[in-house]
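Worksheet: one structure, shown below.
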Amino acid sequence: MSNGTEERKLAAIMFTDIVGYTALSQRNEALALELLEEHRRLLRPIFPRHQGTEIKTMGDGFLVQFNSALAAARCAIEIQKVLFSRNASEPTEPKIQIRIGIHVGDVIQREGDVLGDGVNIASRLQPLAEPGGICISVDVARQIRHNLEASVVTVGHAELKNVQLPLEVFRIVLPWEEAKAEGKGQKEKITAEVGRGVPPSRAGGLKLAAAVAVVLLAIGIGWWLVHQSGSATKQVASSPSASPLPAAVAPVVADQKSIAVLPFVNMSADKADEYLSDGMTEELLNVLTKVKGLRVPGRSSSFAFKGKNEEGIFRKVGEQLHVSAVLEGSVRKAGNQLRITAQLINVADGFHLWSETYDRDMTNIFAIQSDIAERVALALKVQLGVEETRALAKKPTENTEAYRLYLLGRYHFAKFTQEGWTNAMHSYNQALKLDPGYALAYCGLADTYGWMGGFVMQGKSAWAEEKRLAQKALALDPDLADAHLSLFIALAAAFDWQGGENEIKRALELNPNLAFAHDQYAWLLTVYGRFDEAIANGQKAVELDSLSPLMNVDLGWQLQQARRYGESIAQLRKTLELDSNNANVHHWLAWSLLLKGESVSAIADFQKAKVLDDLPWYEGSLGYAYAISGNRTKAEQILRDVEDLARRRYVAPGVRMAVYLGLGEKDRALDWLEKCYDEQDTYCWYLKVDPLYDSVRKEPRFQALLKKVGLDK
C-alpha cells in the first residue's frame, strides 16, 4: 500500500508470543536468540498456506492478518501442531511454546500497518491462552462453528485491558488435548458452535467478570416476598448460600422443560445500576413462569447463586434446583444505551443451547425481554400458545423512565427497612406521575403499604390503602396476577376471607407457577384450619422456590399450626441451613420448641431472633416464653421495654397481648386482643387455630371476637 493511503476493512487478526522468552533471554541471551530464529523459520512458511499476511514482528511475536476467521484458526492449529511435533522430537532441547490470540473485527490498514479494535482485542486475547494454546473471541467462534475440524469450548468472560465490556473467550481444543481427555475417560462432548461449549473454566489466567449471570426486566420483586406480617406471612427472605434442600421436601426430578434464571451481572460503570440488572433478572423469571409446561424456580432460589462463579456452578444449580437448563447473562448501561448478553446452558453437559448479545437503547428493553423468552422456549422445545405469545410481547408501560423508576422502587423495597420502603414509595409515585396507567407500579405501591402494615403503621390503614391501589391496578389490567395477589392480601388481612380467597384463586389461575401465590393460599387454608390442604400448597411453594427461606419457614409454620411439632422443628432446622441468620426462622423454631415443652431451647432461639432483628413482635414472643416458663420478672420487664418502645415507634397491640397471655392475665390480654381487632392487627388472623389462644379459647369475649373476625364457622 502506498504512503498516505488508508483502508478500513473487516479482518481476522492473529497475535503470537513465545512463552517465557524474556526470562530465557536474561538467563542465556545466545540461546534465546537461537530459539527465536528457529521459531521464525518454522512459522513463516505456514502463514501463506492459509492466505495469511505477516504485518510485522514485535520482539518474539507475530502480527498476522487473514481474510477469514476460519483461515486464521486453521493456521493457528497448524502452528501449534508443528511446534508440538518439534518439542516431542527434540526432548533435550528447550521447548518452543507460544500463545495465540485471534479476533475478527474492524481494522484500519495504513502504510503497511493495521490498527483498530480488531488488533487491540486480539493482542489482549493472546496472554489468556495456555502455553501451546489458542484463545479466540466469541466473534471468531461464531464464524468457524460449522467448518472447523477441531472443537471449541468456552472458558468464560474476561475483562480485557482498555476494552469497555467483558468479552466471552473460547479456546480451540487441539488433537493431543482431546486424546489426553479420552485416555482419562473424561472426553467432553464439545462443538465449535458458538454458545455450545463446556461450562466456563474459572481458571487459566482469566480475570472473570464476576459470575456470568441472567436476564431480564423486573415486574416482580416484592409482591411475593410481601406481607407476611406477624406470622409465617412477614419474613425477610435473604439470599442464602446454596445448600441441600430441606429433607421435608420431596425432590423434584429435572426434566427437559425446566430452567433456572440466574441473576444478571451488573457490568455498568456505575455500581448503583445494580437495580437494573436485578430487576431484569426478576422480570424475565416472572415472564417465563407464564409459559405453560416450563418449570421455573422462584426468585430466592435463583438469587441464592448471586455472585457465585466457582467451578461446576451450573452442575450445582441443576442438582439443587432440579433443572435441566440455566439462563445467565449480564447488563451494562451507559447513558441510555444497553448491552445485554444472555446464554442458555444445558446443565447435563455444559453445552450452550443459545446465546445472544443485544446492543440497544432503553426504549427496546421490552423487545429484548420478549425475544429472550421466546428463544428460551424454542431452545427447550416448549410450544407457545396464542395467549402466551401475546403475554410475552405485552409492554407494562410505554414510558422507559417510568419503568426505570419502577425497578428502582422494587430495589429499595427489597431492603426491608423503613428507609427502603420510604424510598420505594417515592420511586413508585414518580413512576405513576409519568405513566398514570402503569398497573405494576400500583402493585408495587400496594405491596409497600402491605409490608409496612403492623411494622411501622397500623394494619387497618395499611390494608385499606393496599386495597385501593390493588383495585386501581386491576381496573387497568384485570388479568394481572400480581394485582390479584395484592388484593387478596388486602382483603384477607382485613378479615374479608371469602373475597380474599376468590382473588388468590384467580391469581393462581392466571399464573399457577407463582410460588408466593401457593404460599399465600397455604396461609389462608391454615387460618381456616384446613391443614392438609395448607401443607400441600406449602410444599408446592417450596417445590417452586426450594432455596427460599420464606417458603420453607412458612411450611414449618403450617406444620406447627397443625400441631405437628416434631415435623415443624425438623423443617425449620433444615431452613436454618439455608440462612442461619434469618430472625424469622429462629422465631418460629422457638415457638415450635416452646409448644413441644422445650422452653430453654425456645428462649435461646427467641433471644437469637431479637438480636438479629429489632421487630417489636419478637419482644412479645420472648416475653410470653419467659412468662410461661415461670420467669415473671423478665416477662414484666419486657412489658416495660415495650411501653417505652411504643413512645418512639409503632408497636402492634398483639405484642402486649401475647405477654399478658403468658402471665395468665386473661382480662388484660383480651383487652389488648380487642384492640387487635380494632386495628386489624395480624394476631387476629390466627384466632381459630393458634395454640397461643388455648388458655382463653372458651372465654365468651374470645368467642365473640372469633365471630366478629369471621372465623367461628
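The values are calculated or read from the model by the stated rules, or taken from the named source; none is laboratory data. Given the structure is predicted, the values throughout are model-derived calculations rather than measurements. All Cβ positions, glycine included, derive from the backbone under ideal geometry; neighbour counts span all protein chains shown.
Taking the criterion of being over 12 Å from A11 (Cβ atoms) and either in contact with a helix residue (DSSP H, G or I) (Cβ under 8 Å, 6 or more places away or on another chain) or buried (at least 20 other Cβ atoms within 10 Å of the Cβ) (or both), the residues of segment 94-120 that qualify are P94, K95, I96, Q97, I98, R99, I100, G101. As a summary of the residue check, N581 satisfies the conditions (1) surrounded by fewer than 24 Cβ atoms within 10 Å (Cβ to Cβ); (2) modelled with pLDDT of 90 or more except for the one numbered (2). Take V82 and decide whether it is touching a strand residue (DSSP E or B) at 6+ places or on another chain (Cβ under 7 Å) and of a type in the set (A, V, I, L, M, F, W, C). When the stated conditions are applied, V82 does not pass them.
If we scan segment 40-50, do we find a residue that is assigned to a helix (DSSP H, G or I), over 30 Å from H146 (Cα atoms) and not hydrophobic (A, V, I, L, M, F, W, C)? Yes, some residue in segment 40-50 is assigned to a helix (DSSP H, G or I), over 30 Å from H146 (Cα atoms) and not hydrophobic (A, V, I, L, M, F, W, C). Selection of first residues in segment 346-370 that are aliphatic (A, V, I, L, M) and of second residues that are in a helix (DSSP H, G or I), restricted to Cβ pairs under 6 Å at least 6 apart or on distinct chains, gives the following pairs, ordered by first then second residue: V347/F314; V347/G318; L353/A379; M362/T400.
Taking the criterion of being at pLDDT below 90, surrounded by fewer than 24 Cβ atoms within 10 Å (Cβ to Cβ), touching a helix residue (DSSP H, G or I) at 6+ places or on another chain (Cβ under 7 Å) and within 18 Å of A652 (Cα to Cα), would at least one residue in segment 412-426 satisfy it? Within segment 412-426 (the criterion being at pLDDT below 90, surrounded by fewer than 24 Cβ atoms within 10 Å (Cβ to Cβ), touching a helix residue (DSSP H, G or I) at 6+ places or on another chain (Cβ under 7 Å) and within 18 Å of A652 (Cα to Cα)), the answer is no, since none of the residues qualifies. Return a yes/no flag: does segment 280-293 have any residue that is among the basic types (K, R) and modelled with pLDDT of 85 or more. No, segment 280-293 contains no residue that is among the basic types (K, R) and modelled with pLDDT of 85 or more. Which one is surrounded by the fewest Cβ atoms within 10 Å (Cβ to Cβ), of the residues in segment 428-468 that are aromatic (F, W, Y) and more than 30 Å from E619 (Cα to Cα)? So, considering only residues that are aromatic (F, W, Y) and more than 30 Å from E619 (Cα to Cα), the one surrounded by the fewest Cβ atoms within 10 Å (Cβ to Cβ) is Y438.
Looking at segment 592-605, is at least one residue among the charged types (D, E, K, R), free of Cβ contacts under 8 Å to residues at least 12 places away in the same chain and under 22 Å from W672 (Cα atoms)? The answer is no, given that none of the residues of segment 592-605 is among the charged types (D, E, K, R), free of Cβ contacts under 8 Å to residues at least 12 places away in the same chain and under 22 Å from W672 (Cα atoms).
Going through segment 480-502 one residue at a time, which ones are charged (D, E, K, R), more than 26 Å from S568 (Cα to Cα) and surrounded by fewer than 24 Cβ atoms within 10 Å (Cβ to Cβ)? Give the derivation first.
At the first step, the residues of segment 480-502 found to be charged (D, E, K, R) are 482, 496, 501.
Checking the rest, the ones that are also more than 26 Å from S568 (Cα to Cα) come to 482, 496.
Listed by number, the list holds a single entry, D496.
State yes or no: is Y528 surrounded by fewer than 19 Cβ atoms within 10 Å (Cβ to Cβ), modelled with pLDDT of 95 or more, among the aromatic types (F, W, Y) and not assigned by TED's automatic domain parsing to the domain that holds V655? Criteria met by Y528. Taken over segment 317-371, residues that are part of a strand (DSSP E or B) and hydroxyl-bearing (S, T, Y) amount to 5.
If you go through segment 119-165 and keep only what is closer than 28 Å to E7 by Cα, touching a strand residue (DSSP E or B) at 6+ places or on another chain (Cβ under 7 Å) and modelled with pLDDT under 75, you end up with L160, L165.
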